[in-house]
Amino acid sequence: MNTRNRLLVGLFAAASLFSTPGVAQDYKPVDIQPISPSFFTPNRHAGKTYLITGGARGIGAASAIRLAREGANVVILDVLSKEGNETVALIRSEGGKADFVKGDVRRSADLDAAVALAVKNYGELNGALNAAGIMAAIPPDAKFDYQKQKRLMPSPIADADDEYFNTLMEVNSTGIFKSMRSELHAILKQGKGGSIVNICSIAGLTGLAGNSAYVASKHACNGLTRNGAIDYAPYGIRVNSVNMAATHTAMTDMATEYVMAAAKENTAPKTVNMGRVKTLSLLGYADSQKRQSTVWEQAAVICFLLSDEASNLTGTLMATDGGWTAY
């Protein structure tokens, strides 16, 4: 061991002496229980109308369901017709008001149509959740096939395919821009203010190994969030983002499949995988089951940010990440 490494080992050993005394020996670990999917705040969004892009499933769907339970009218725009209509049917079965529009956030005409439907059916648009996003350049309902799709999967810069990079930027950054533009046109015209929440990611706050396009596109998402907050504060419009670590959705299921398939194929002895440096959030590491966050935990924060309770919050890049960016 060289002198530098001896010093580092000594520093880490010394640091351990200053850890909280007695925690490991005297106290029983406790798992934090996720919020119940059935929990909501009655009437918090009564009479409000929201557009939710990417609301067919995952965090977008959970947010749409909870917003409807809290009294909101919701219009869902998504490329997934089956799941989108199922989410709308669930909301309506509970007595809520919801509509589905098949559309792609890369097309301004689709977004304008969804906004127009919200105004036509419910009188006005009070805000939006921009939840549409991808981690790989494949359709969200595509069956995973590593050999056929690997060039479209998460990649470091030197290995990244143009189609992978361009598609993620089109959906995750340009899609956010086009969504906000359509939403803001209606909200500004009404002159009553409003609230927009963008789903970004820890990849919009830090680097994330092997995810060059995802990181670039999500940083753009947070940049648009901050600029929207600056430009539209005088008009009573708040713009914030939520930035989660691993959350149990179809996207993270696909990512897990990809990592496992790539690990089997890559047998080179000198390969360095920087993704192994950090794999869990603080709460994920502390949990006995190493669980991911739930869509309902994310929806809880989103519904708060959209509500009048968050009246002093704008330009906030909220780390709903279980402590991932805390260390």
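Of the conditions (1) closer than 30 Å to Q149 by Cβ; (2) of a type in the set (A, V, I, L, M); (3) modelled with pLDDT under 95, L282 clears all except one; give me its number.
So the condition that L282 fails would be (1).
Taking the conditions exactly as written (of a type in the set (V, I, T), modelled with pLDDT of 95 or more and surrounded by fewer than 22 Cβ atoms within 10 Å (Cβ to Cβ)), does V75 satisfy them or not?
So V75 does not fit the description; no.
Out of D308, D321, D253, report the one residue that is surrounded by 20 or more Cβ atoms within 10 Å (Cβ to Cβ) and either under 23 Å from S38 (Cα atoms) or at pLDDT below 95 (or both).
D321
Within the range 62-98, which residues are under 19 Å from F39 (Cβ atoms), touching a residue at least 24 places away in the same chain (Cβ under 8 Å) and in a helix (DSSP H, G or I)?
A62, S63, A64, I65, R66, L67, A68, R69, T87, L90, I91
A quick yes/no check of all residues on (1) touching a residue at least 60 places away in the same chain (Cβ under 8 Å); (2) in contact with a helix residue (DSSP H, G or I) (Cβ under 8 Å, 6 or more places away or on another chain); (3) under 25 Å from L184 (Cα atoms):
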| site | (1), (2), (3) |
| --- | --- |
| G236 | no, no, yes |
| V239 | yes, yes, yes |
| K264 | no, no, no |
| A286 | yes, no, no |
| I302 | yes, yes, yes |
| N312 | no, no, yes |
| G315 | yes, yes, yes |
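Find the residue count for the range 186-241, including only residues that are touching a strand residue (DSSP E or B) at 6+ places or on another chain (Cβ under 7 Å), over 30 Å from A136 (Cα atoms) and either among the hydrophobic types (A, V, I, L, M, F, W, C) or part of a helix (DSSP H, G or I) (or both).
Residues flagged as touching a strand residue (DSSP E or B) at 6+ places or on another chain (Cβ under 7 Å), over 30 Å from A136 (Cα atoms) and either among the hydrophobic types (A, V, I, L, M, F, W, C) or part of a helix (DSSP H, G or I) (or both) within the range 186-241 amount to 3.
Checking the condition surrounded by 21 or more Cβ atoms within 10 Å (Cβ to Cβ) and either within 21 Å of V74 (Cβ to Cβ) or among the hydrophobic types (A, V, I, L, M, F, W, C) (or both), which residue from A220, A213 passes?
A213
Would a scan of the range 270-278 turn up a residue that is modelled with pLDDT of 95 or more and either assigned to a loop (DSSP other than H, G, I, E, B) or β-branched (V, I, T) (or both)?
Within the range 270-278, not a single residue is modelled with pLDDT of 95 or more and either assigned to a loop (DSSP other than H, G, I, E, B) or β-branched (V, I, T) (or both).
The values are calculated or read from the model by the stated rules, or taken from the named source; none is laboratory data. Predicted model, so just to flag it, every value in this text is computed and none were measured. Glycine also receives a Cβ, built like all others from the backbone with ideal geometry; neighbour counts cover every protein chain displayed.
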